[in-house]
Amino acid sequence: MRSPIRVVLADDQTLVRAGFRSILDHEDDISVIAEAGDGSEAVRLAAAERPDVVLMDIRMPVLDGLEATRRIVADERLRDVKVVILTTFDLDDYVYSALKAGASGFMVKDTEPIELIHAVRVAARGDALLAPSVTRRLIGEFAARIKEPPPSVELNALTDREREVLGLVAAGLSNDEIAERLVVSPATAKTHVSRVLTKLRARDRAQLVVLAYESGLVRPGWLG
């Protein structure tokens, strides 16, 4: 039997943490192992507990969620720790910054319980929470602010097929959807994505999205 997904909750509101804990601890494959009331404590707990996923609020005292995310991502010892940013739609300006900081994705605080559970599972397995069309639209909106993307030497290491795969990942497609679009097997699609991650030294699929937009390889709405 596989070990449960270990989660740290980081939010300055006790009731929010209690609500999330009650939802997640009800699942057999998820266990909330610690709670943080500010960003600094979240960084400390991530280092001490090495969770699989940190659910990180943005607005917290002492250290905000974006800086806490940057510090966790910058620590090579915590490479396997995935951070999911908690946000609300009136804070959309934080979305692109969160992904650039190294978050594996983001979700709204008033999400349905089933979506919270799904988010934890998706992040734990290394996928990005970027599939919903609204998410792609938001990323596209903020990536569009980059007027003239600088030439990316890193992308030169990719084959034409790998560039194509990177573009599809940036559009929010899953491995199965990439396989269908390219008419290859899911295993082949997964291999392509893994090679792109390795060549670009990216932490996860969310970082690939940022790289694709910043390099100019992908433009908002290019996939339709």
- Task: Assess whether Arg163 counts as being open to solvent by 10 Å² or more (accessible area, probe 1.4 Å), modelled with pLDDT of 90 or more and assigned to a helix (DSSP H, G or I).
- Result: yes
- Task: Evaluate the following for Leu63: is it assigned to a helix (DSSP H, G or I) and more than 20 Å from His118 (Cα to Cα)?
- Result: no
- Note on the structure: Residues of the stretch 34-60 being part of a loop (DSSP other than H, G, I, E, B), of a type outside the set (Val, Ile, Thr) and out of contact with any Lys or Arg (no Cβ under 7 Å at 6 or more places or on another chain), in sequence order, are Gly37, Asp38, Arg50, Arg59, Met60
- Note on the structure: A careful count of residues in the stretch 47-62 that are farther than 18 Å from Phe106 by Cα and either surrounded by 20 or more Cβ atoms within 10 Å (Cβ to Cβ) or of a type in the set (Asp, Glu) (or both) gives 1
- Message: Being within 16 Å of the chain's Cα centre (by Cα) and surrounded by fewer than 22 Cβ atoms within 10 Å (Cβ to Cβ) narrows it down to one residue among Arg70, Arg6; which is it?
- Response: Arg70
- Would you pick out the residues in the stretch 36-87 that are closer than 20 Å to Ala18 by Cβ and charged (D, E, K, R)? Asp38, Glu41, Glu49, Asp57, Arg59
- Note on the structure: Residue set Val8, Val43, Val84; condition under 19 Å from His118 (Cα atoms) and modelled with pLDDT of 95 or more; output residue Val8
- Candidate set: the stretch 180-207, residues that are surrounded by 19 or more Cβ atoms within 10 Å (Cβ to Cβ), of a type in the set (A, V, I, L, M, F, W, C) and outside any loop (DSSP other than H, G, I, E, B); chosen: the one modelled with the lowest pLDDT: Ala206
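The values are calculated or read from the model by the stated rules, or taken from the named source; none is laboratory data. For clarity, every value in this text was computed on a predicted model and none was experimentally measured. Note: ideal-geometry Cβ built from the backbone for every residue, glycine included; neighbour counts use all protein chains shown. The area values use the complete protein model at the heavy-atom level, side chains included, leaving out ligands, DNA and RNA. Shrake-Rupley method; radii C 1.70, N 1.55, O 1.52, S 1.80 Å.
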